[in-house]
Amino acid sequence: MAEPASAAVGLGRAESGGGSDGGDAAPVLPQGENGVDGRAIRVDGRAIRVGTRRSQLARIQTDSVVTMLRELYPDLCFEIVAMSTTGDKILDTALSKIGEKSLFTKELENALERNEVDLVVHSLKDLPTCLPPGFTIGAVCKRENPLDAVVFHPKNCGKTLSLLPEKSVIGTSSLRRAAQLKKKFPHLEFKDIRGNLNTRLKKLDEKEDFSAIILAAAGLKRMGWENRIGQLLGPEDCLYAVGQGALAVEVRAKDQEILNMVSALHDADTVLCCIAERAFMKRLEGGCSVPVAVNTLLKDGQLYLTGAVYSLDGSDSLKETMQTGVNYPCLNEDGPNDDVQHVGITAKNVPGQAQEAAENLGVELAGLLLSKGAKHILSVARQLSDAR
């Protein structure tokens, strides 16, 4: 059951009420005043409830989104509602073995469906490429560094993965990371490690089980732990997860007021990169139980997408790169199709033609890999993963 993590976060006027039960009316934009994108924002005199996971990182990420919303809409009040998800509760099993596509999102979406919250902040990489009916990603915020990072045990400070001794154990809960790094660094061994960032770092520092662990650089930076990054893994070492480093705001697809409000948070470049990545993943029918990886670059109006699939041990793989032009004008596209979704994302303020081009790029790249045998690689990887 969702519970407020604290009293209403003071993001409105001091005298505004923050309870989700109505309370004193929170101030709203005066009748006729427009939101930042020209659409009227009218909320029915209450705090806007923002759902989030309970972890420290999730709260930091949610606070950053609420801060941006406050700057855009200083007359609105926001309340943060924190809850635990399935992925937070099951800590003794590898993510790939749990068999649930919405490990870190289901409980949040249930609260959204029951109108207990108005919007939910996620790490985009946690959101499946097919959302439940009635939901949409109303905003994709500017992406943080999407690369993976190595955090070393204190005794290995100053080293890199290539310099670690034979049979050093590396902790990661990701099949994608393990598959790529097993091939790149065959002298190392890889072992599952679960828990939030704080828990994993504690396991690394206080025990001798791991020589290093692999984490997303974005999470470490948001937690203020950049100084723990001993090595950044570039695309030549490890392609990253679909959506990694980006935050997503999920809303009810028919809640126009909230959808209009959060759409101001969209970062156009991040939206296009992530649409391409998610379309690639969706066409491959990938997920936590198979190693699928990407790298995107948007430069001079061209979107470059590199996508790859791997066997669990990294010995078998396919990797290709394709590109497409996404330099289209932002036309007035209001009308019957102005709420069209691209792999779950609704981005009214990003040119529709560019979104279509990005989605087609992902689909075509996946089709190319499938034509070369990707389905067999992923099928075997899935079977082996299930049998582990």
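The values are calculated or read from the model by the stated rules, or taken from the named source; none is laboratory data. Just so we're clear, the structure is a prediction, and the values are computed from it rather than from any experiment. Cβ placement follows ideal geometry from the backbone for every residue including glycine, while neighbour counts extend to all protein chains displayed. SASA here: full protein model, heavy atoms, side chains in, ligands and nucleic acids out. Shrake-Rupley method; radii C 1.70, N 1.55, O 1.52, S 1.80 Å.
Modelled with pLDDT under 95 and either surrounded by 23 or more Cβ atoms within 10 Å (Cβ to Cβ) or not basic (Lys, Arg) (or both) - does that describe any residue in the stretch 143-151? Break it down into steps so the answer makes sense when it comes.
So in the stretch 143-151, the residues modelled with pLDDT under 95 come out as none.
So far as the stretch 143-151 goes, no, none of its residues is modelled with pLDDT under 95 and either surrounded by 23 or more Cβ atoms within 10 Å (Cβ to Cβ) or not basic (Lys, Arg) (or both).
Any chance the stretch 351-369 includes a residue that's open to solvent by 20 Å² or more (accessible area, probe 1.4 Å), under 29 Å from Leu384 (Cβ atoms), part of a helix (DSSP H, G or I) and of a type in the set (Val, Ile, Thr)?
yes
Looking only at the stretch 183-215, which residues are within 21 Å of Leu239 (Cβ to Cβ), in contact (Cβ under 8 Å) with a residue 60 or more places away in the chain and open to solvent by less than 20 Å² (accessible area, probe 1.4 Å)?
Listed by number, the residues that qualify are Ala212, Ile213, Ile214, Leu215.
Looking for whichever is modelled with pLDDT under 95, hydrophobic (A, V, I, L, M, F, W, C) and either open to solvent by less than 80 Å² (accessible area, probe 1.4 Å) or more than 24 Å from the chain's Cα centre (by Cα) (or both) here; the options are Ala381, Ala374. Which one fits?
Just a single option satisfies the conditions, and that option is Ala381.
When residues of the stretch 264-301 are filtered for being crowded, with 24+ Cβ neighbours inside 10 Å and part of a strand (DSSP E or B), how many remain?
Counting residues in the stretch 264-301 that are crowded, with 24+ Cβ neighbours inside 10 Å and part of a strand (DSSP E or B) gives 4.
Which condition number does Asn110 fail, the rest of (1) out of contact with any strand residue (DSSP E or B) (no Cβ under 7 Å at 6 or more places or on another chain); (2) surrounded by fewer than 16 Cβ atoms within 10 Å (Cβ to Cβ); (3) free of Cβ contacts under 8 Å to residues at least 24 places away in the same chain being met?
(2)
What number goes with the only condition from (1) under 21 Å from Gly243 (Cβ atoms); (2) of a type in the set (D, E, K, R); (3) open to solvent by 30 Å² or more (accessible area, probe 1.4 Å) that Glu166 does not pass?
Only one criterion in (1) under 21 Å from Gly243 (Cβ atoms); (2) of a type in the set (D, E, K, R); (3) open to solvent by 30 Å² or more (accessible area, probe 1.4 Å) is unmet by Glu166, namely (1).
Considering Ser102, Ser96, which residue is in contact with a Pro (Cβ under 9 Å, 6 or more places away or on another chain), over 21 Å from Gln56 (Cβ atoms) and at pLDDT below 95? Even if it seems obvious, please write down each step before you answer.
Working: Ser96 fails: in contact with a Pro (Cβ under 9 Å, 6 or more places away or on another chain).
The match here is Ser102.
Tell me, which strands (runs of 3 or more DSSP E) wholly within the stretch 152-231 include 2 or more residues that are under 23 Å from the mean Cα position of the chain (by Cα), outside the structural domain of Ala246 (by the TED database) and among the hydrophobic types (A, V, I, L, M, F, W, C)? Give the derivation first.
Numbers: elements: 169-171, 189-191, 212-216.
So the answer is 212-216.
Within the bounds of the stretch 129-136, is there any residue that is modelled with pLDDT of 95 or more, at negative phi and either not in a loop (DSSP other than H, G, I, E, B) or not hydrophobic (A, V, I, L, M, F, W, C) (or both)?
Yes, the stretch 129-136 contains at least one residue that is modelled with pLDDT of 95 or more, at negative phi and either not in a loop (DSSP other than H, G, I, E, B) or not hydrophobic (A, V, I, L, M, F, W, C) (or both).
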